[in-house]
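No lab work stands behind these numbers, since they all come straight from the coordinates. Note that the coordinates shown come from a computational prediction; the quantities given were computed from them, not determined experimentally. Glycine gets a Cβ as well: all are built from the backbone with ideal geometry, and neighbour counts include every protein chain shown.
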């Protein structure tokens, strides 16, 4: 028991240490510190020479970190104090002037915002690439039919291009959410101090412009306590990984022997330890599994924030690991899904064969009767009874003889047999429908949106 207590007591000193993970903010911390040092000089708060020494020292530290020569030390607790301690070793007394007019509270908030901004930009780029792949695939499969499903039961024939573009739209909403969240991320908290502002004549707007921020925060207390922007990022990421998970699930289903709609590229599958024939969709499954991980990061931060009084509390140290993990996890998932789709092959013959299941035309039979003047609910009932009969006879509804059809409604005639899966899908010609005409319009619109997004990016 004493050994157990001793072991844990020795580690208590590390309990509050965050440098093991917050070191990932070093480039952003240095970037903000350089801007702060320059501003202090511009405002005659410190001398030009001191500012120049600070900037030079910080640039050298960044080089050391990039080259793997920097030694992170737990005794300095976090990345900020590690960098400041090394700066003092390099330039001496001027290093002590860097912290004039700021606190670690507004310092870390600034570095974190810079990180989230870059994280959003990297994800927007990856989402754009995945959307481009989906549009390219859709362009190659405007004439490929497959069953559309509800409740995982065959429902109506659709074109593969239309199906793929559904994911384009999901991802487009994801991109829109990230862009919207970025607006609220891109606000500078530096200059708020610990919580009450600072007594020095800082030029916060100059620093904001130097760092690429659109605005400065309006309330110093809110500035150091706010983590909404991380929550928004995690929430947007949760929705995005959910969409990727749905796509992954379809890839898993479609690559099964039961569907056989898709052959996943071999580099995106793994074998079995015991069954030589297996080609498991592990990358898609792991993508699906990582969804819970990202959800967990969102819930963890919301739980951390729910009872924090103003202003800064050390609990906020726990905002970073989930943030970093979510960013790297989602980025990897997006890249994996993009690569997997590019390297996979659709079994169009199998899709077409499945789409020729005449049960998929039941709704078209009802629409046929409606076009002849029958109310839809009556038409639906008649066709439902026909489907029951076809099931008993073990034939498809389209193969029921005309005489049999006429027993259910005298509105049937020979033209009922002109209904085909292709004709069914082609008839859905309203905006948003699966007809070839609408699919081509949707592809053109998607390409236009991608072009605009690329210009903005």
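If you rank 240, 126 by fewest surrounding Cβ atoms within 10 Å, what's the result?
Working: 240 26, 126 20.
Listed from fewest to most nearby Cβ atoms, that is 126, 240.
Fewest to most neighbouring Cβ within 10 Å: what's the order for 206, 268? Provide the component values of the computation, followed by the final result.
Details: 206 14, 268 21.
Exposure proxy ranking, most exposed first: 206, 268.
What is the gain in length, in nm to one decimal, between residue 88 and residue 313 on full extension, counting 0.36 nm per residue of separation less the C-alpha to C-alpha distance? All intermediate terms of the calculation are to be shown ahead of the outcome.
On the way: separation 225, 0.36 × 225 = 81.00 nm, distance 2.75 nm.
78.2 nm is the gain from fully extending residue 88 to residue 313.
Note down the relative contact order for region 355-456 as a percent, whole number, built from C-alpha pairs under 8 angstrom at least six residues apart.
Across region 355-456, relative contact order equals 24 percent.
Counting other beta carbons within 10 Å of each Cβ, put 170, 340, 221 in order, fewest first. Mind dumping the intermediate values first?
Working: 170 19, 340 23, 221 16.
Ranked by crowding around the Cβ, least crowded first: 221, 170, 340.
What order do you get for 98-105, 260-267 when each peptide is scored by the mean count of other beta carbon atoms within 10 Å, highest first?
On the way: 98-105: 19.5, 260-267: 15.9.
Listed from highest to lowest mean packing, they are 98-105, 260-267.
From the P(r) of the chain, could you give the percentage of C-alpha pairs in the tail past 43 Å? It would help to have the intermediate numbers written out before the result.
On the way: 38197 of 104196 pairs.
Of all Cα-Cα pairs in the chain, 37 percent lie more than 43 Å apart.
Can you give the % of DSSP beta bridges in the chain that are antiparallel, to the nearest 5?
Values: 9 of 11 bridges.
Bridges in the chain that DSSP calls antiparallel: roughly 80 percent.
Largest first and in whole Å, give the semi-axes of region 109-183's equivalent ellipsoid, each being the square root of 5 times a Cα gyration tensor eigenvalue. Please report the intermediate quantities before stating the final value.
Numbers: eigenvalues 234, 37, 11 Å².
With the √(5λ) rule applied to region 109-183, the semi-axes are 34, 14, 7 Å.
Would you mind putting 36-47, 113-124 in packing order, based on average other-beta-carbon counts within 10 Å, highest first? Please report the intermediate quantities before stating the final value.
Working: 36-47: 18.7, 113-124: 20.3.
Answer by packing, highest mean first, reads 113-124, 36-47.
Given region 16-97, report the % of alpha carbon pairs whose separation exceeds 15 Å. Could you put the intermediate results ahead of the total?
Values: 1796 of 3321 pairs.
Result for the distance tail: 54 percent.
Run through the DSSP bridge list for region 110-250 and note the antiparallel percent, rounded to the nearest 5. Show your work: numbers first, answer last.
On the way: 6 of 8 bridges.
Counting only bridges with both partners in region 110-250, antiparallel ones make up about 75 percent.
With the cut-off at 1.5 for a/c, could you classify region 229-377 from its C-alpha gyration tensor as rounded, prolate or oblate?
Details: a/c = 3.78, a/b = 1.56, b/c = 2.42.
In terms of gyration-tensor shape, oblate.
Largest first, please: the extent of the C-alpha atoms of region 355-456 along each principal axis, to the nearest Å.
That works out to 61, 29, 21 Å along the principal axes.
In whole percent, what relative contact order does region 188-271 give with Cα contacts below 8 Å and a gap of six or more residues? Please list the in-between numbers first.
Details: 48 pairs, mean separation 18.9, N = 84.
Relative contact order for region 188-271 comes out at 23 percent.
So for the chain, averaging the separation of alpha carbon pairs under 8 Å that are six or more residues apart and normalising by length, what relative contact order in percent results? Each step should come with its number before you reach the end.
Values: 591 pairs, mean separation 76.8, N = 457.
For the chain, the relative contact order is 17 percent.
What is the gain in length, in nm to one decimal, between residue 27 and residue 363 on full extension, counting 0.36 nm per residue of separation less the C-alpha to C-alpha distance? Before the final figure, lay out the partial values.
Working: separation 336, 0.36 × 336 = 120.96 nm, distance 5.94 nm.
My answer for the length gained is 115.0 nm.
Any idea what diffusion coefficient region 274-360 gets from Stokes-Einstein, in µm²/s, Kirkwood Rh on alpha carbon pairs, 37 °C, 0.692 mPa s?
On the way: Rh = 17.0 Å.
Estimated via Stokes-Einstein, D reaches 194 µm²/s.
So how do 72-83, 327-338 stack up, highest first, on mean other-Cβ count within 10 Å? Provide the component values of the computation, followed by the final result.
Working: 72-83: 18.5, 327-338: 20.0.
Put in order of decreasing packing, that is 327-338, 72-83.
For residue 302 paired with residue 152, estimate the spin-label separation in nm (one decimal), with each label point 7 Å from Cα along the Cα-to-Cβ line.
2.7 nm
Classify region 159-214: rounded, prolate or oblate, from the alpha-carbon gyration tensor (a ≥ b ≥ c, eigenvalue square roots; a/c under 1.5 rounded; otherwise prolate if a/b is larger than b/c)? It would help to have the intermediate numbers written out before the result.
Numbers: a/c = 9.20, a/b = 4.06, b/c = 2.27.
Prolate, since a/c reaches 1.5 and a/b exceeds b/c.
Calculate the FRET efficiency for residue 270 and residue 348 from the Cβ-Cβ distance with a Förster distance of 30 Å, rounded to the nearest 0.05.
Details: r = 26 Å, r/R0 = 0.86.
Computed FRET efficiency for residue 270 and residue 348: 0.70.
Full-extension gain between residue 423 and residue 129, please, as 0.36 nm times their residue separation minus the C-alpha to C-alpha distance.
On the way: separation 294, 0.36 × 294 = 105.84 nm, distance 3.32 nm.
In short, 102.5 nm is gained.
Using only the Cα atoms of region 116-233, build the gyration tensor, take square roots of its eigenvalues as a ≥ b ≥ c, and label the shape rounded, prolate or oblate: rounded if a/c is under 1.5, else prolate if a/b is larger than b/c, else oblate.
Prolate.
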